[in-house]
Structure formats: structure tokens, C-alpha cells
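*Asks:* Sharing a structure here in C-alpha cells format.
The values are calculated or read from the model by the stated rules, or taken from the named source; none is laboratory data. Note that the structure is a prediction, hence the values are computed from the model and not measured. No Cβ is skipped: glycine too gets one built from the backbone with ideal geometry, and neighbour counts run over all protein chains shown. Side chains are part of the model used for accessible areas, which takes the heavy atoms of the whole protein and leaves out ligands, DNA and RNA. Shrake-Rupley method; radii C 1.70, N 1.55, O 1.52, S 1.80 Å.
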Amino acid sequence: MSGKSFFVDLTRCTACRGCQVSCKQWKQLPAEKTSQRGTHQNPADLSYNTIRLVRFSEVGDGDDFKWLFFPEQCRHCVEPPCKMAGDSMLEGAILHDAATGAVIYTEKTKELDFETVRGACPYDIPRQDPVTRQLSKCNMCIDRVEAGMLPSCVKTCPTGTMNFGDREDMLKLAQARLAEVQAKSPKAILVDADSVRVIYLAEVDPKSYYKYLGDAAGPRGLTRLALFDKVLGPLRQMRG
Ligand code: SF4
Ligand code: SF4
């Protein structure tokens, strides 16, 4: 399998949020109205205008206390379930770029049923503009990548957490770093590395970072296989 991939080394993330800000700047997305919720995570969730979010979680007590940081974005799935759901309603609304593997939402996504597309995503990524009905998420900074540049988040990250390049190179980098981290933290894993193009290295159980970091179940409890039974099958029957 060729194309591009990210390698995201969560052991190096300091939650500086430079990537979150640079994503907004490059995409010219407006700020969110937020409130104090007793956490440094801000805003509370992804939205149509916040397609990249650094999540904070606290685990353990006393000497075992740990802060875990998770810069969340679309995983650019190798076989994207959101596109399968989109295609069952309107082909061409969600694109899959052959050269890079980027999954790209077009303006036509406003014609799709949002809950079906969101329910198809194992990582609960898609969001909708409440006014235009258009759907959004990370598009791999496809304009930058096609011009030979790094995605904005990768270019900005000062710690080496965010890496991007040819898939084979990223997998090699990820495996080498995993071996280093496992020497100290034997439970460290590469999350869903075979099925996504955004490969996270998690030092502890992925669910400790965020419930949708790993692909155990989608937001509506749907696994990828169940997606076909519960969502795509009935839709296809309705279309005759
Ligand atoms: Fe689609 Fe979700 Fe996969 Fe992104 S992570 S390509 S939104 S299914
Ligand atoms: Fe983490 Fe890098 Fe983003 Fe800072 S810029 S929050 S270190 S991924």
C-alpha cells in the first residue's frame, strides 16, 4: 500500500496546541466561544470549525498520576467507512485521493445524512455546519501536500510528535520508535496501524487517552462490520 501517512508519537506531545492553532490559521477557521470547564482542554469537542483538537485526560493517583495528551484528527482510513456511507447516498460527495490516500469532504456533503456518516466513523470524527449542513474534518492539508509541503500541524509541531511522509517511511519510523518506547513501557502499541493513515503511538491503553482513540467500536457502538448490517444494508435496500 502506498500513499502518505502521519506518525503521531504521543509520548512526545506536550499539549502546547501549536498544531491546533496552525490548523485554524491555515484553514482560516474561526475561534470557538468556550467556557471554563476545569480543564486545559479547549474547546470541549471537535466541531465544524475545530477539526483538530488536543484532548487532555488525567489517569492514576499519587506517584502514578499521569496527564495524557491526544491531538485528535481524522485518521484517513485506508478503507474509509464514512465514504462507504456517503457513497450509498451520493457518490462523489466524499473523495478518496488515489495519490495520497487522503479522504476529502466536498461541498456535496451537505446533501448527505449527517448522522449516517458520523455513525459510520469508528472514531467519531465528522461534524456538520448547522447552517449550511456541510460536513467537515481534516483533509490532510491536501493543498499543501500537493505543493510538496507538510500538513500545517506537522510543520508547526515543535516536539517531533507529528511526522508525515510516504507510508512505508512512516511505518518504519513508527516501528523503530515503538521498540524504543516498549523498552520502558511494555504495553505501548501502534493504534490500528494497518487500517489508518494517522498512526498513533500510545504508551498506555488507548482508551485512557480518549474513548475513541482505538477502533473497538464507533460512536454508536458500531464496528466496521456492523456498519454494513445496520447502516449500509438498509440504505441500499431503500434505494432499491
Ligand atoms: Fe472517515 Fe472517520 Fe476514517 Fe476520517 S476517521 S476517514 S472521518 S471514517
Ligand atoms: Fe502536541 Fe505537537 Fe500539537 Fe504541541 S504541536 S500539542 S506537541 S502534537
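*Asks:* Over 21 Å between C-alpha atoms is what I'm after, so list which of 27/108; 66/155; 4/211; 4/155 land there.
*Replies:* Pairs exceeding 21 Å: 66/155; 4/211.
*Asks:* Ok, one more. Kindly give the semi-axes, whole Å and largest first, of the ellipsoid equivalent to the chain, taking each as the square root of 5 times a Cα gyration tensor eigenvalue.
*Replies:* Output for the chain: semi-axes of 28, 20, 19 Å.
*Asks:* Could you tell me the relative contact order of the chain? Use alpha-carbon pairs under 8 Å, at least six residues apart, and round to a whole percent.
*Replies:* 28 percent
*Asks:* Kindly provide the helix-only [θ] at 222 nm of the chain, computed as the sum of -39,500 (n - 2.57) over DSSP H runs of four or more divided by all residues, to the nearest 500 deg cm²/dmol?
*Replies:* Counting only the DSSP helices, I get -7500 deg cm²/dmol.
*Asks:* Kindly report the accessible area of the chain per residue (heavy atoms of protein chains, probe 1.4 Å, no ligands, DNA or RNA), in Å².
*Replies:* Per-residue accessible area for the chain comes out at 49 Å².
*Asks:* With the Cα gyration tensor of segment 3-60 giving a ≥ b ≥ c as the square roots of its eigenvalues, does the rule (a/c under 1.5 for rounded; else a/b larger than b/c for prolate; else oblate) give rounded, prolate or oblate?
*Replies:* In terms of gyration-tensor shape, oblate.
*Asks:* Give me the one-decimal nm value for the distance between modelled label points at residue 56 and residue 132, 7 Å along each residue's Cα-to-Cβ direction.
*Replies:* Placing both labels 7 Å along Cα→Cβ, they lie 3.2 nm apart.
*Asks:* Further, regarding this structure: Spin-label point model (7 Å from Cα, Cβ direction): what's the residue 205 to residue 110 distance in nm?
*Replies:* 4.4 nm
*Asks:* Return the carbon/sulfur percentage of the accessible area of the chain, one whole number, probe 1.4 Å, all protein chains in place.
*Replies:* Here carbon and sulfur together make up 51 percent of the probe-accessible area.
*Asks:* Return the Rg/Rh value of segment 71-111, two decimal places, where both radii are evaluated on C-alpha atoms and Rh is the Kirkwood radius.
*Replies:* 0.96
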